Amino acid sequence: DNGCYGLDLKTDLVDLLEKCSNVEGDYRIRVGMMNPMYVPRFLDRLISLYRNNDKVFKFLHMPVQSGSERILRKMKRGHTAKIFLEVVKELRKKIPEITIATDIITGFPSESERDFEDTLSLIEESQPDVINSSKYSPRPGTLAAKYPRMNTEMVKERSTRLHAIIRKTTTTRNRLWYGWMGQVLVDELLVEGKIQGRNYAYRPVIIEIPESKKFDPTRLLGKYLPIKVTEISKYSLLGKLIS
């Protein structure tokens, strides 16, 4: 959990990021997962860092898990849906293009229809760019593992509804990047003739290399390429090289 870094050292994540980004070199830093309850203590400084430091991707992974305050208490998560939403709103107000990722668990023991609808409502309101969803499974040794499990068919049905909302939400956010032009950092080789790069907001852009420019693709890893986003899908952006 990156958010609690420094609590025992009288420092915090922002101090660490500032020192890391002062190291000479051409590189990008991606901030990993942080739980929502730790973010408010350094949020203003984190926003300032994102806005003024080009070496840090404008990306944040903040797992909320549920939009129901009752379920979050049963999960013993330590945060509230309200805290998550407030942080997202502040980030989007100051950095509209920031990529926000979150995690959702469906079918936690005793989750009611109202609890599940609270989760759907939170997604609709916060509009995360990336949503990792999973069905609840008991973890040995936890209190929740002793709770009665929910009906499998009900969990499956809710998961289907959740994925429909996820597709809608991610497509809406991806549309904002249509026509964008800029540099992407190549970080992955895909099927023959295609590569993936990340823009400054850590958005994945899939690029097809023209036949006339094909050569050893491994030479592109870690390189910057100028591209234009020409298409979007539910999960990624599609781009073309520009001169």
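Of all residues in region 225-237, which are modelled with pLDDT of 95 or more and open to solvent by 50 Å² or more (accessible area, probe 1.4 Å)?
Lys228, Glu231, listed by residue number.
Quick one: Asp187 ticks every box in (1) farther than 30 Å from Lys223 by Cβ; (2) of a type in the set (Asp, Glu); (3) modelled with pLDDT under 95 except a single one, so which number is it?
Every listed condition holds for Asp187 apart from (1).
If Lys240 passes every condition in (1) open to solvent by less than 50 Å² (accessible area, probe 1.4 Å); (2) free of Cβ contacts under 8 Å to residues at least 40 places away in the same chain; (3) of a type in the set (D, E, K, R) but one, which one does it miss?
Just one mismatch for Lys240, condition (1).
Results for (1) free of Cβ contacts under 8 Å to residues at least 24 places away in the same chain; (2) within 23 Å of Lys82 (Cα to Cα), shown as yes or no for each residue.
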residue	(1), (2)
Gln127	no, yes
Val130	no, yes
Lys135	no, yes
Gly141	yes, no
Arg158	no, yes
Leu162	no, yes
Ile166	no, yes
Thr169	no, yes
Tyr178	no, no
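Is there a residue being closer than 30 Å to Asp115 by Cα and either open to solvent by less than 20 Å² (accessible area, probe 1.4 Å) or at pLDDT 95 or above (or both) anywhere in region 202-212?
Within region 202-212 (the criterion being closer than 30 Å to Asp115 by Cα and either open to solvent by less than 20 Å² (accessible area, probe 1.4 Å) or at pLDDT 95 or above (or both)), the answer is no, since none of the residues qualifies.
Residues being assigned to a strand (DSSP E or B) and either charged (D, E, K, R) or closer than 25 Å to Tyr50 by Cα (or both): count how many of those fall in region 124-148.
4
Could you list, in sequence order, all residues of region 10-36 that are in a loop (DSSP other than H, G, I, E, B) and of a type in the set (Gly, Ala, Ser)?
If the condition is that a residue be in a loop (DSSP other than H, G, I, E, B) and of a type in the set (Gly, Ala, Ser), then Gly25, Gly32 are the ones that fit.
The rows are residues; the columns are (1) exposed (fewer than 14 other Cβ atoms within 10 Å of the Cβ); (2) part of a loop (DSSP other than H, G, I, E, B); (3) not hydrophobic (A, V, I, L, M, F, W, C).
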site	(1), (2), (3)
Asp54	yes, yes, yes
Pro63	no, yes, yes
Thr102	no, no, yes
Ile105	no, no, no
Leu122	no, no, no
Val155	no, no, no
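Just to be sure, is Ile71 of a type in the set (A, V, I, L, M), under 19 Å from Leu120 (Cβ atoms), assigned to a strand (DSSP E or B) and open to solvent by less than 10 Å² (accessible area, probe 1.4 Å)?
No; evaluated as a whole, the condition is false for this residue.
Please state which of the following conditions Phe59 fails to meet, knowing it meets all the rest: (1) farther than 30 Å from Arg158 by Cβ; (2) aromatic (Phe, Trp, Tyr); (3) surrounded by 21 or more Cβ atoms within 10 Å (Cβ to Cβ).
Tallying (1) farther than 30 Å from Arg158 by Cβ; (2) aromatic (Phe, Trp, Tyr); (3) surrounded by 21 or more Cβ atoms within 10 Å (Cβ to Cβ), Phe59 fails exactly one: (1).
Do the conditions hold for Ile83, that is, is it modelled with pLDDT of 95 or more, open to solvent by less than 70 Å² (accessible area, probe 1.4 Å) and touching a Ser or Thr at 6+ places or on another chain (Cβ under 8 Å)?
Answer is no for this residue.
Could you check Leu91 against (1) exposed (fewer than 14 other Cβ atoms within 10 Å of the Cβ); (2) touching a strand residue (DSSP E or B) at 6+ places or on another chain (Cβ under 9 Å); (3) not in a strand (DSSP E or B) and say which number it fails?
(1)
Can Met37 be described as on the phi < 0 side of the Ramachandran plot and out of contact with any Gly (no Cβ under 8 Å at 6 or more places or on another chain)?
Considered against the rule, which asks whether it is on the phi < 0 side of the Ramachandran plot and out of contact with any Gly (no Cβ under 8 Å at 6 or more places or on another chain), Met37 comes out as no.
Show the residue pairs that are 6+ apart or on different chains and have beta-carbon atoms under 9 Å apart, the first residue being within region 210-237 and in a strand (DSSP E or B), the second being modelled with pLDDT under 80.
Hits for this filter: Pro226/Ser243.
Pick from region 18-36 the residues that are open to solvent by 60 Å² or more (accessible area, probe 1.4 Å) and touching a residue at least 40 places away in the same chain (Cβ under 8 Å): which of them is nearest to Val184 (Cα to Cα)?
Within region 18-36, the match that is nearest to Val184 (Cα to Cα) is Arg28.
The values are calculated or read from the model by the stated rules, or taken from the named source; none is laboratory data. All values derive from a computational prediction rather than experimental measurement. Quick reminder, even Gly has a Cβ in these numbers, built from the backbone with ideal geometry, and neighbours come from all protein chains shown. What goes into the accessible areas is simple: the full protein's heavy atoms, side chains included, and nothing from ligands, DNA or RNA. Shrake-Rupley method; radii C 1.70, N 1.55, O 1.52, S 1.80 Å.
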